[in-house]
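Reviewing the structure listed below.
The values are calculated or read from the model by the stated rules, or taken from the named source; none is laboratory data. In this text, all values refer to a predicted model and were calculated from it rather than measured experimentally. No Cβ is skipped: glycine too gets one built from the backbone with ideal geometry, and neighbour counts run over all protein chains shown. Heads up: the accessible areas ignore ligands, DNA and RNA and are worked out on the full protein's heavy atoms, side chains in. Shrake-Rupley method; radii C 1.70, N 1.55, O 1.52, S 1.80 Å.
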Amino acid sequence: MTRTADRPGTARPVPAGPAAPEADPRGRGRGSLRRSVPGTLWPYLLIAPTVIGFAFLLAYPLARNLLISFQHYGMAELIRGNADFAGLENYSAILRDGEFWQVARRTLWWTAINVTLIMVIGTGVALMLQRLGKRMRTLVLVGLVLAWASPVIATTTVFQWLFSSRLGVVNWLLVRLGFDSFEDYSWFAHGPAAFTVLVLLVVWQSVPFVAITLHSALTTVPAELFESARIDGAGGWRIFRSITLPVLRPVFGLMLSLEVIWVFRCFAQIWAVTKGGPGGATTTLPVYAYQVAQSLHRYDLGAAAATLTVLVLVGALILYFRQMFRQEAEL
């Protein structure tokens, strides 16, 4: 067998490779936008819509309220503008008002009662859900979700019907049980009674969120921990104090903080039911700020009261977080 040599000067054919991509006549190819933006900017571009929405819905109103609190801003300034600078005059007027300090104490009392009831009842419901069967647990969860998803004004209207003086179910039931003094009793005409109704309303609206969240957190705790504790003879309270509470401490702290914020700034329920009455018995700091701004048309004083409300809330949360971090450091 002979092998034929290539002729001198004859070029071998080169096998054709993959075709080179054609250049984009406009100078842009696929993924050019991603290549044109540095990788370090992509996270900021992704969160930009959220930051813009936060600035528009929260930061701007807060800054505007703070600016008005340092100005003379009444009905005339609202119409024509050009408000004069007032310095700390509005804050001085609010702090010298004895009603402000009464409302501040009532607001702290209101927050403490509601948050305590919400956390205790919500924790109890969450622990109860752990012991229920699948069908009953599903039924209770559906009820909690429906109560939680109900609009605030709709739930408030239902409570007004329930506690109506003549046609209310509560008065009818109390009279049937032998409490004749509740015949045509006007709950919203007496300060303590109106305060109690509002507490029940806020607790009813808040417990589902706490119960569902804590129940979800409890499902992440290994069942072996509870079984080992029961084998060692620990009771329910001992298990909760030694296992459940330490494991879920961050979740409890988050729930407590959210409920303090939500209850402290509660306005719609109080204004829809009592408008702060009777006799100011249900007036809290948000309601007081609104009353000062709308009744007196002193938007500067209302803004100062609202700013002080925010400062009181922030101060309370800072004290709580400091205490919580100190306890975690000691563990």
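Values as computed for the structure displayed
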quantity	calculated
Kirkwood hydrodynamic radius of the stretch 241-281, from inverse mean 1/r over distinct Cα pairs, in Å	12.5
Percent RCO, i.e. relative contact order, over the stretch 178-331, from Cα pairs under 8 Å lying at least 6 residues apart	23
Percent accessible area from carbon and sulfur atoms, the stretch 112-270, protein chains only, probe 1.4 Å	69
Hydrodynamic radius of the chain per Kirkwood, over alpha carbon pairs, in Å	25.7
Estimated distance in nm for a label pair at residue 190 and residue 135, the labels positioned 7 Å out from Cα along Cα-to-Cβ	4.4
Size of the stretch 42-190 as Cα extents on the principal axes (Å, biggest first)	62, 55, 27
Dimensionless Rg/Rh of the stretch 57-104 - Kirkwood Rh, Rg from C-alpha atoms	1.05
Tensor-based shape of the stretch 221-330 (alpha-carbon gyration tensor, a/c under 1.5 rounded, otherwise prolate or oblate)	prolate
The chain: most fluctuating residue of 242, 186, 165 per GNM, C-alpha cutoff 10 Å	242
Two-decimal Rg to Rh for the stretch 265-314 - Kirkwood Rh, Cα set	0.97
Computed [θ] at 222 nm, deg cm²/dmol, the chain (DSSP H ≥ 4; -39,500 (n - 2.57); rounded to nearest 500)	-21000 deg cm²/dmol
Signed unit charges on C-beta, dipole axis of the stretch 228-331, positive-most listed residue 234, 267, 250	234
In the stretch 211-283, the chymotrypsin sites (Phe, Trp or Tyr not before Pro) that fall in loop regions by DSSP, at most 15 other Cβ within 10 Å	267
Relative contact order of the chain, pairs being alpha-carbon contacts under 8 Å that are 6 or more residues apart, as %	25
Pairwise Cα inverse-distance average, inverted: Kirkwood Rh of the stretch 109-167 (Å)	13.7
Backbone N under 11 Å from the residue 281 label point (7 Å along Cα→Cβ), restricted to the stretch 160-178	none
Net dipole in debye of the chain [+1 Lys, Arg Cβ; -1 Asp, Glu Cβ; about Cα centre; nearest 20]	1380
Extension gain from residue 82 to residue 165, taking 0.36 nm per residue of separation minus the Cα-Cα distance	24.9 nm
For the stretch 265-275, Karplus couplings with θ = phi - 60° (6.51, -1.76, 1.60), whole Hz, Gly/Pro x	8, 4, 9, 4, 5, 5, 5, 5, 8, 10, 6
Amide proton proximity set for residue 71, modelled H, under 5 Å, gap of 5+	86
Dipole magnitude (debye, nearest 20) for the stretch 229-310, charges at Cβ of Lys, Arg, Asp, Glu	220
Surface per residue (accessible, 1.4 Å probe) for the stretch 68-136, Å²	61
